[in-house]
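Written out below as structure tokens is the structure these notes cover.
The values are calculated or read from the model by the stated rules, or taken from the named source; none is laboratory data. In this text the structure is predicted, and so the values were computed from the model without any measurement. All Cβ positions, glycine included, derive from the backbone under ideal geometry; neighbour counts span all protein chains shown.
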Amino acid sequence: MAVNELKELFAHRHFSCSRCKQSGHCLVASLSPPAISKLSDGIGLSQTLRRGNHLYHAGDDLKSIYIIQSGIIKTYSSDNTGSETVLSVYLPTEVMGFEAVETSTHPHSAVAIETSSYCMISYDRLLKACREDRDFQRDVWRLCSQEIRIRGASAAVTGTQELEGKSGPQHH
């Protein structure tokens, strides 16, 4: 491929988003063409993460937000003894990385449970697009809200299962 063809390909990355099987559920693919254009330099093409490899480690700087295309990725924390606690499991179309916004570092690690693919959006580019486009900003807030709701529902189910496991099912 010629250098000019490569430049053209990377200048129009959003066209690869339109071919993604998750495009109907993806933050980027749902944007208007001008908004996609604002993010085009910050959208990473699909990457593959092999089973057991890390997407990021606890303490890593927040550089990107990740959209899972296929596979399963979990977040976990480890204590001083090396004991691991699974915090969340992410499936295709789910977005990872927002938990690092508060401190600009990832509070826990993320590892592929099975070979997975993902896209990444530069966090700096995402912030810039939010400042410049109110509709885009609203979409990002909606996405954050959705993520909180999904994680909250997951925590509620896990908590209920743990309680029932300790005391048996509650019958009224």
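Brief remarks on what is shown
- Selection within the stretch 89-104 - among the polar types (S, T, N, Q) and modelled with pLDDT of 90 or more: Thr103, Ser104
- Number of the exception - Arg149 against (1) modelled with pLDDT of 85 or more; (2) closer than 16 Å to Val89 by Cβ; (3) in a helix (DSSP H, G or I): (1)
- Candidates Leu163, Leu127 - the one that is at pLDDT 85 or above and either surrounded by 12 or more Cβ atoms within 10 Å (Cβ to Cβ) or closer than 18 Å to Ser70 by Cα (or both): Leu127
- Qualifying residue in the stretch 63-75 (condition: surrounded by 19 or more Cβ atoms within 10 Å (Cβ to Cβ), in contact (Cβ under 8 Å) with a residue 40 or more places away in the chain and in contact with an Asp or Glu (Cβ under 6 Å, 6 or more places away or on another chain)): yes
- Of residues in the stretch 121-139 being among the aliphatic types (A, V, I, L, M) and part of a helix (DSSP H, G or I), the one farthest from the chain's Cα centre (by Cα): Ala129
- Every residue from the stretch 56-74 that is at pLDDT below 95 and hydroxyl-bearing (Ser, Thr, Tyr): Ser64, Tyr66, Ser70
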